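Everything on this sheet refers to the single structure shown next.
The values are calculated or read from the model by the stated rules, or taken from the named source; none is laboratory data. These numbers were taken from a predicted model, which means no experiment stands behind them. When we count neighbours, we look across all protein chains shown, and the Cβ atoms used for this are built from the backbone with ideal geometry, even at glycine. The area values use the complete protein model at the heavy-atom level, side chains included, leaving out ligands, DNA and RNA. Shrake-Rupley method; radii C 1.70, N 1.55, O 1.52, S 1.80 Å.
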Amino acid sequence: MADIRLDYENEFPIQIEAPDISAYKSGNIGVDYIYTFDSGKEGPHIFISAVVHGNEPCGAIALDWLFKKDVRPVKGKLSLGFMNVEAYLAYDPNNPNRTRWIDEDFNRLWGPGILDDFSRLKTSEFERARIVRPIINDADFLLDIHSMQKPCVPLMMAGMKAKGLTFAKLVGMNIATISDSGHKEGMRMRDFSDFSDPNSKKNALLVECGQHWEKSSETIAIETAIRFIKSAGIMNDEFGMEYLSNSKNDDQISFYKVGEIITIKTEKFKFSKDWQGFDNLDKGTIIAYDDEEPIYAPFEKTILIMPTKRLLVGKTAVRLAYQIKQNGL
Ligand SMILES: [Zn+2]
């Protein structure tokens with residue numbers, strides 16, 4: 001059963017096809033839809049995850065691309081995993097919003113203790129997250145591939161610590177990079193455990209590749225996956241160069257920090273305009289009303305990060321950011 005709150009009409013064209021992933025079901029480490037390729041040599045364990053949200057096919061396209069290239073590390077380990085498979089398998093291009101999750105958001109279950117809390121509902125996402133957790137726990141570096149509800153420039157979500165920004169620079173995608181603390185509703189996989197510990201060498205990135213079904217989202221997903229793998233030094237130097245030679249990347253990354261998260265308090269929440277994401281507002285501009293309460297742009301130049309179309313109480317409506325220098329947290 002899908003969540004009926006997700007059953008709203010899609011207004012965007014479907015330009016990409018969700019690949020058939022049935023060939024990857026068996027996995028190779030005893031967990032469905034997860035593969036680990038171990039070089040047998042010293043080196044980091046890197047993990048690329050797709051379809052944490054079932055209606056975001058660009059990550060599945062990137063993993064399918066890597067599988068078809070028979071990518072194998074020469075050092076360390078490479079894991080490739082499809083996360084919310086049940087939701088992804090239910091994906092229907094005629095009603096694509098509906099399959100974001102089955103029971104709840106897979107990407108809000110990663111805070112301390114949540115996955116060990118047996119008093120909570122045993123949802124499809126809870127069960128799957130518990131199964132994949134040991135592999136995520138073992139990974140040194142995680143890339144989690146996502147896409148967005150509205151057409152927007154791609155964004156790299158680097159988490160709340162300076163090490164995330166440093167890592168984004170190392171990976172080198174020439175896209176806006178955001179320092180952020182996620183959602184009040186619950187912790188994301190990219191913020192899980194050591195990924196958020198400033199003293200740990202583990203690190204994670206979440207890339208938002210563009211609108212869910214926009215053609216360019218698949219190009220961004222594949223390119224980010226290649227650059228992420230290359231940054232870990234686990235492949236030969238020539239890996240992916242053929243693909244990257246078509247991309248323009250001048251290493252000019254702009255950095256932003258989320259300073260405020262707007263969480264929906266009432267059923268009467270309404271944006272003042274149909275914001276698209278990455279809108280740049282002057283201080284004092286009214287962004288939305290939550291019932292009667294106006295929400296103003298708080299920063300000199302306030303950047304809207306992913307305004308949602310799902311206006312549900314308790315969920316994030318939008319995040320508000322401002323530009324920073326790298327590590328100017
Ligand atoms: Zn997502």
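Has the stretch 6-27 got any residue that is surrounded by 18 or more Cβ atoms within 10 Å (Cβ to Cβ), outside any loop (DSSP other than H, G, I, E, B) and within 16 Å of the ligand (Cβ to nearest atom)?
So far as the stretch 6-27 goes, yes, one or more of its residues are surrounded by 18 or more Cβ atoms within 10 Å (Cβ to Cβ), outside any loop (DSSP other than H, G, I, E, B) and within 16 Å of the ligand (Cβ to nearest atom).
Say we look at the stretch 130-151 and pick out the residues that are under 15 Å from the mean Cα position of the chain (by Cα) and among the hydrophobic types (A, V, I, L, M, F, W, C); which of these is most open to solvent (accessible area, probe 1.4 Å)?
Phe141
Val132: in a strand (DSSP E or B) and aliphatic (A, V, I, L, M), yes or no? Spell out the reasoning first.
Working: in a strand (DSSP E or B): no; aliphatic (A, V, I, L, M): yes.
Considered against the rule, which asks whether it is in a strand (DSSP E or B) and aliphatic (A, V, I, L, M), Val132 comes out as no.
Quick one: in the stretch 92-126, of everything that is of a type in the set (Phe, Trp, Tyr) and either out of contact with any helix residue (DSSP H, G or I) (no Cβ under 6 Å at 6 or more places or on another chain) or more than 21 Å from Gly182 (Cβ to Cβ) (or both), which residue is farthest from the ligand (Cβ to nearest atom)?
Start the filter on the stretch 92-126 by keeping residues that are of a type in the set (Phe, Trp, Tyr), which leaves 101, 106, 110, 118, 126.
Those left that are additionally either out of contact with any helix residue (DSSP H, G or I) (no Cβ under 6 Å at 6 or more places or on another chain) or more than 21 Å from Gly182 (Cβ to Cβ) (or both): 118, 126.
Numbers: Phe118: 27, Phe126: 18 Å.
It comes out as Phe118.
Show the residue pairs meeting these rules: Cβ distance below 7 Å; 6+ apart or different chains; first residue within the stretch 302-318 and closer than 16 Å to Gly182 by Cβ and charged (D, E, K, R); second residue assigned to a loop (DSSP other than H, G, I, E, B) and open to solvent by 20 Å² or more (accessible area, probe 1.4 Å).
Lys315/Glu185
Can you tell me which residue within the stretch 260-310, out of those that are among the polar types (S, T, N, Q) and under 24 Å from Glu208 (Cα atoms), is surrounded by the fewest Cβ atoms within 10 Å (Cβ to Cβ)? Can you show your working first?
Going through the stretch 260-310, the residues among the polar types (S, T, N, Q) turn out to be 263, 266, 272, 276, 280, 285, 302, 308.
Next, from what is left, pick out any that are under 24 Å from Glu208 (Cα atoms): 263, 276, 280, 302, 308.
Working: Thr263: 16, Gln276: 16, Asn280: 11, Thr302: 23, Thr308: 20.
The qualifying residue surrounded by the fewest Cβ atoms within 10 Å (Cβ to Cβ) is Asn280.
Considering each residue of the stretch 187-216, count those that are open to solvent by less than 20 Å² (accessible area, probe 1.4 Å) and at positive phi, and give that number.
Residues in the stretch 187-216 being open to solvent by less than 20 Å² (accessible area, probe 1.4 Å) and at positive phi: 1 in total.
Only one of these is under 12 Å from Leu205 (Cβ atoms), within 16 Å of the ligand (Cβ to nearest atom) and touching a residue at least 60 places away in the same chain (Cβ under 8 Å): Leu170, Leu143. Name it.
Values: Leu170 fails: within 16 Å of the ligand (Cβ to nearest atom).
So the residue among Leu170, Leu143 that is under 12 Å from Leu205 (Cβ atoms), within 16 Å of the ligand (Cβ to nearest atom) and touching a residue at least 60 places away in the same chain (Cβ under 8 Å) is Leu143.
Can you pull out the residues in the stretch 88-129 that are assigned to a loop (DSSP other than H, G, I, E, B) and either more than 20 Å from the chain's Cα centre (by Cα) or at positive phi (or both)? Step through it out loud before you land on a result.
If we filter the stretch 88-129 for residues that are assigned to a loop (DSSP other than H, G, I, E, B), which is where we start, we get 90-95, 100-105, 109-113, 117-123.
Result: Asp92, Pro93, Asn94, Asn95, Gly113, Asp117, Phe118, Ser119, Arg120, Leu121, Lys122, Thr123.
Find the residue count for the stretch 29-46, including only residues that are over 15 Å from Met83 (Cα atoms) and without any contact (Cβ under 8 Å) to a residue 60 or more places away in the chain.
As a first pass, look at the stretch 29-46 and keep what is over 15 Å from Met83 (Cα atoms): 37-46.
Add one more test, that the residue is without any contact (Cβ under 8 Å) to a residue 60 or more places away in the chain, and what stays is 37-38, 40-42.
Residues flagged as over 15 Å from Met83 (Cα atoms) and without any contact (Cβ under 8 Å) to a residue 60 or more places away in the chain within the stretch 29-46 amount to 5.
So Thr224 fits all but one of (1) of a type outside the set (A, V, I, L, M, F, W, C); (2) under 23 Å from Met148 (Cα atoms); (3) over 16 Å from the mean Cα position of the chain (by Cα); what number is the exception?
The single condition Thr224 does not satisfy is (3).
How about the stretch 52-76: which of its residues are free of Cβ contacts under 8 Å to residues at least 60 places away in the same chain and either open to solvent by 30 Å² or more (accessible area, probe 1.4 Å) or in a helix (DSSP H, G or I) (or both)?
Applying the first criterion (free of Cβ contacts under 8 Å to residues at least 60 places away in the same chain) to the stretch 52-76 yields 54, 60, 64, 67-70, 72.
Within the stretch 52-76, Ala60, Asp64, Phe67, Lys68, Lys69, Asp70, Arg72 meet the criteria.
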